[in-house]
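This report concerns only the one structure given below.
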Amino acid sequence: MRLIIPFLIICLFDCSAKEKMIDTNNHGQKLYYDKCNGCHRLYNKTEYEPKRWKEIMDVMKKKSHLTNDEERMIIKYLAE
């Protein structure tokens, strides 16, 4: 029981911190968090150049069944 309470506190803090980082007005960012986070870690936007993000998204679009509009919004967010 002693270990469960600190664990729950950490989980709650971690989840609330991530929610505050998402700009709900930025559809590309929201899509990135919602669609990409399920299968792998979220990469920092600066880890790749905009051209490389487009190449990555071309492959990932097929794997994750993104629409053209969703892909465009995610690329726009990542390349900002």
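Worth pointing out:
- Each peptide in 52-58, 31-37 was scored by the mean count of other Cβ atoms within 10 Å over its residues; highest first, the order is 31-37, 52-58.
- Solvent-accessible heavy-atom area per residue, rounded to whole Å², over the stretch 22-80 at 1.4 Å: 71 Å²
- Shape of the stretch 22-80 from the C-alpha gyration tensor: rounded (a/c under 1.5, with a ≥ b ≥ c the square roots of its eigenvalues).
The values are calculated or read from the model by the stated rules, or taken from the named source; none is laboratory data. Computed from a predicted model, the values in this text were never measured in an experiment. Here the Cβ is made from the backbone with ideal geometry for all residues, glycine too, and neighbour counts use every protein chain on show. We work out accessible area using only protein heavy atoms, side chains counted, and drop any ligands, DNA or RNA first. Shrake-Rupley method; radii C 1.70, N 1.55, O 1.52, S 1.80 Å.
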